[in-house]
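Student: Okay, here's the structure, questions in a sec.
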Amino acid sequence: MDMQPIPAREGNHNMKDYKEVYEQFQWDSVKSQFSWSETGKVNIAYEAIDRHADNPDKKDQTALIYSAPNREEKLTFEDLKFKSNQFANVLKKYNVNKGDRVFLFMHRSPEFYAAFLGILKTGAIAGPLFEAFMEQAVRDRLEDSEASMLVTTPELLDRVPVDELPNLKQIVIVGDVPENGDYIDYYKEMDQASKDFDIEWVDLEDGMLLHYTSGSTGKPKGVYHVHNAMLQHYQTGKWVLDLKEDDTYWCTADPGWVTGTSYGIFAPWLNGVTNVIRGGRFSPDDWYGTLDKYNVTVWYSAPTAFRKLVSAGEEVASKHDLSSLRHVLSVGEPLNPEVITWGTKALNLRIHDTWWMTETGGMMICNYPAMDIRPGSMGKPFPGTEAAIVDNDGNELPPNRMGNLALKKGWPSMMRAVWKNPGKYESYFLGDWYVSGDSAYMDEDGYFWFQGRLDDVINTSGERVGPFEVESKLIEHEAVAEAGVIGKPDPERGEIIKAFITLNDGYEESDELLEDIRQFVKKGLSAHAAPREIEIKDTIPKTRSGKIMRRLLKSWELGLPTGDTSTLEE
Ligand code: PRX
């Protein structure tokens, strides 16, 4: 679809002219805003919370509005400072030290945010896990990170294979503490802990966060981020989210994913805005209701959500007053031009696409208030970063040529390592370029256009799933001999997971069996990783070296030419 650009409007900050700012901007100018400029040390939790809590004009501003179907709570910056201090004291009491990995496996709640910030204040590395993970997914991450402490709830505890995790020394329980074990009681300890805490001042390059994410091979990998990322979170919060201090901002992402930390925690609080956290499951009524009830001004969500709102129709929208909303953004999957058109009609606002990854730690290619939107384009590189389309040798390609979307390495929020896997980390780079794994092209005016993934990674409703993980789980099922997993295009979810399997002798195809296999993956990994479609085959195509040819499975599924099959096993 060829659509007219949607013209720019004025943003709140000094980015009136993208080109001029892009040419002049230096990251050092951002650094000087933080304690680093005086002491050479920082702590991202201090900069996000205590800096405001220590400001008499700011301390009583609501920092967090927590809203769930059965609970609503507001915390000021001062409340959050004290609660995170208390949790940091609990951690110190149990001997958590700088660099230790402390994981969180729980739903969004005020307790989660206090604990997360408390972990950072001790200099430990936080590892938030999505609450829908099942045992295998939890085990893989705790094992690889060698986490020594876990913060979780009684409901999720039986998905933590405690006996198989020798490094996991201590478990903090938020809720009723089971009697048969040696657990730390969150509420009891918090009650006893002091509200004063001596923050661990760290270097910009010290670790703060591990987010596990999927590739096309192997188990999920720990993407390691450092405190320096705050520069990017802060500045993209200004220029892309367009935040100003009296905003009420809502990011719908769960903190188990990078959007839920970079833009659900850091960017809003570094910019001193009121941050809405909505728990529970979402529905169109709920999305609109939350925007309406809290007078949200800036909203960061995902194409999946917008597509659901589009299909819910105008009647649902008309029940709510959305007039507070000023700025809307999207991330995670391609933003269909149709959705942008819907936004201009239904919300009377432009939807600003942003492109980035767990590995980039912050937004990289964006649409800014003060820039025309070309529907379907991800926008232009953030000032202080450089993006290009490169060939497989790292040579830059001219406009309108498709290739690897790459970024010049060295931006503040770039991952600094893949946990315990230097080889994997190195494999992302071609010379000075970080290669994203996405294919794209750049038009003659410098707008970037997403084309697809170059590897087999699946993006289902904005969630990144590695085919290898799903295949490994499938073949653990007693009926499954071999499995190959692909992403199949789907109008609402972007892609759905489709599995091709062969059965072991003695098993017959039946609806019950397929459902049992689906449930097996769901219970082992998580609901979003369970295949929505399973097809039984006589064989799974493999290369002579035994690699599953997912590309061929995909071509078959989509009825496309099969391309080069010379490496196919007999
Ligand atoms: O393929 C791109 C897609 O999501 C991938 C990154 O996934 P993840 O690390 O889970 O991070 C998601 C949110 C930061 C990318 O390699 N992706 C992300 N944003 C967009 C996108 N695809 C198209 N358009 C986007 N705006």
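None of the figures in this text is laboratory data; all of them are computed from the coordinates on show. Fair warning: this is a prediction, and the values are worked out from it, not measured in the lab. Here Cβ is always computed from backbone atoms with ideal geometry, including for glycine, and neighbour counts include all displayed protein chains.
Student: What FRET efficiency, computed as 1/(1 + (r/R0)^6) with R0 = 51 Å and r the Cβ-Cβ distance, is obtained for ASN395 and GLN33, rounded to the nearest 0.05? Don't skip to the answer; put the middle values down first.
Tutor: Details: r = 37 Å, r/R0 = 0.74.
The pair ASN395/GLN33 has a calculated efficiency of 0.85.
Student: At what distance in nm do the modelled label points of LYS308 and ALA481 sit from each other, each positioned 7 Å from its Cα along Cα→Cβ?
Tutor: Those two pseudo-labels are separated by 4.0 nm.
Student: Next question. Extending each Cα 7 Å along its Cβ direction at ASP285 and GLN24, get the distance between those two points in nm, one decimal.
Tutor: A separation of 5.1 nm, rounded to one decimal place.
Student: For the pair ARG544 and GLU315, what calculated FRET efficiency results from E = 1/(1 + (r/R0)^6), where r is the Cβ-Cβ distance and R0 = 41 Å, to the nearest 0.05?
Tutor: 0.10
Student: Would you mind checking the radius of gyration and Dmax of region 397-475 based on alpha-carbon positions, in Å?
Tutor: 15.0, 48
Student: Measuring from a point 7 Å past the Cα of ASP54 along Cα-to-C-beta, which residues in region 67-90 have an amide N at less than 11 Å?
Tutor: none
Student: Sorting MET363, MET3 on the 10 Å Cβ count, fewest up front, what's the list?
Tutor: So the residues, fewest neighbours to most, are MET3, MET363.
Student: May I ask you to sort THR236, THR217 by Cβ crowding, counting other Cβ atoms within 10 Å and putting the fewest first?
Tutor: So the ranking, lowest neighbour count to highest, is THR217, THR236.
Student: Still on this structure: Let me check I have the definition right: for region 186-297, take the eigenvalues of the Cα gyration tensor, multiply each by 5, take square roots. What are those semi-axes in whole Å, largest first?
Tutor: 25, 21, 18
Student: Same structure, new question: Subtract the Cα-Cα distance of GLU533 and TRP201 from 0.36 nm times their separation in residues, and report this length gain in nm to one decimal.
Tutor: The GLU533-TRP201 span can extend by a further 114.5 nm.
Student: Can you quote the Å³ per residue value for the convex hull of the Cα atoms in region 276-411, rounded to an integer?
Tutor: 134
Student: FRET efficiency for TYR187 and GLN519, Cβ-Cβ distance as r, R0 = 45 Å, nearest 0.05?
Tutor: Efficiency for this residue pair is about 0.80.
Student: Show the residues, 5+ positions off or on another chain, whose built amide H is closer than 5 Å to the amide H of ILE534.
Tutor: Here the answer is ALA499, since their amide H atoms fall under 5 Å of that of ILE534.
Student: For region 132-248, report the convex hull volume of the alpha-carbon atoms normalised per residue, in Å³, without decimals.
Tutor: Per residue, the Cα convex hull of region 132-248 comes to 196 Å³.
Student: For region 273-352, what is the convex hull volume of the alpha-carbon atoms per residue, in Å³?
Tutor: Working: hull volume 7.4 nm³, N = 80.
It comes to 92 Å³ per residue, whole-number rounded.
Student: Under the Kirkwood approximation applied to all pairs of distinct alpha-carbon atoms, what is the hydrodynamic radius of region 531-570 in Å?
Tutor: 11.0 Å is the Kirkwood radius here.
Student: Between GLU146 and GLU338, what length comes free when the chain is fully extended (0.36 nm per residue of separation minus the Cα-Cα distance, one decimal in nm)?
Tutor: Additional length available on full extension: 64.6 nm.
Student: Going by Cα centres, region 445-464 and region 485-552 are how many Å apart?
Tutor: Taking the Cα centre of region 485-552 as reference, the centre of region 445-464 is 22 Å away.
Student: Whole-Hz Karplus ³J(HN,Hα) for region 221-228, in order, using 6.51 cos²θ - 1.76 cosθ + 1.60 and θ = phi - 60°, x for Gly and Pro?
Tutor: 10, x, 8, 9, 10, 10, 4, 3
Student: Quick one: Karplus J couplings for region 7-17, per residue in order, coefficients 6.51, -1.76, 1.60, θ = phi - 60°, nearest Hz, x for Gly and Pro?
Tutor: Whole-Hz 3J(HN,Hα) from phi for region 7-17: x, 5, 10, 7, x, 8, 10, 7, 9, 7, 10.
Student: Let me ask another. Kindly give Rg over Rh for region 418-570, based on alpha-carbon atoms, with the Kirkwood expression for the hydrodynamic radius.
Tutor: Values: Rg = 17.4 Å, Rh = 17.3 Å.
Answer for region 418-570: 1.01.
Student: If contacts are Cα pairs under 8 angstrom and at least 6 residues apart, what is the relative contact order of the chain in percent?
Tutor: Normalised by residue count, the contact order of the chain is 13 percent.
Student: Using alpha-carbon positions, what is the distance between the centroids of region 164-220 and region 52-128, in Å?
Tutor: Going from one Cα centre to the other spans 12 Å.
Student: Taking every pair of distinct Cα atoms and averaging 1/r, then inverting, what Kirkwood hydrodynamic radius in Å comes out for the chain?
Tutor: 24.7
Student: Roughly speaking, what % of Cα-Cα pairs in region 503-568 are separated by over 20 Å, rounded to a whole number?
Tutor: The proportion of pairs with Cα distances above 20 Å equals 46 percent.
Student: Another question, then. Quick check on packing: order 386-396, 258-268 by the mean number of other C-beta atoms within 10 Å, highest mean leading.
Tutor: 258-268, 386-396
Student: Here's another thing I want to ask about it. Given H placed 1.01 Å from N in the peptide plane, which residues other than close sequence neighbours of ARG453 have an amide H under 5 Å from its amide H?
Tutor: Those qualifying (amide H under 5 Å, at least 5 residues apart or on another chain) are SER439.
Student: Now a separate question. Run a plain Debye calculation on region 51-173 (Cα atoms as equal point scatterers, no solvent) and give log10 I(q)/I(0) at q = 0.20 Å⁻¹, rounded to two decimals, same order as the q list.
Tutor: -1.10
Student: Something else: How would you classify region 37-119 from its alpha-carbon gyration tensor, with a ≥ b ≥ c the square roots of the eigenvalues: rounded for a/c under 1.5, else prolate if a/b is greater than b/c, otherwise oblate?
Tutor: Since a/c reaches 1.5 but b/c is at least a/b, the shape of region 37-119 is classed as oblate.
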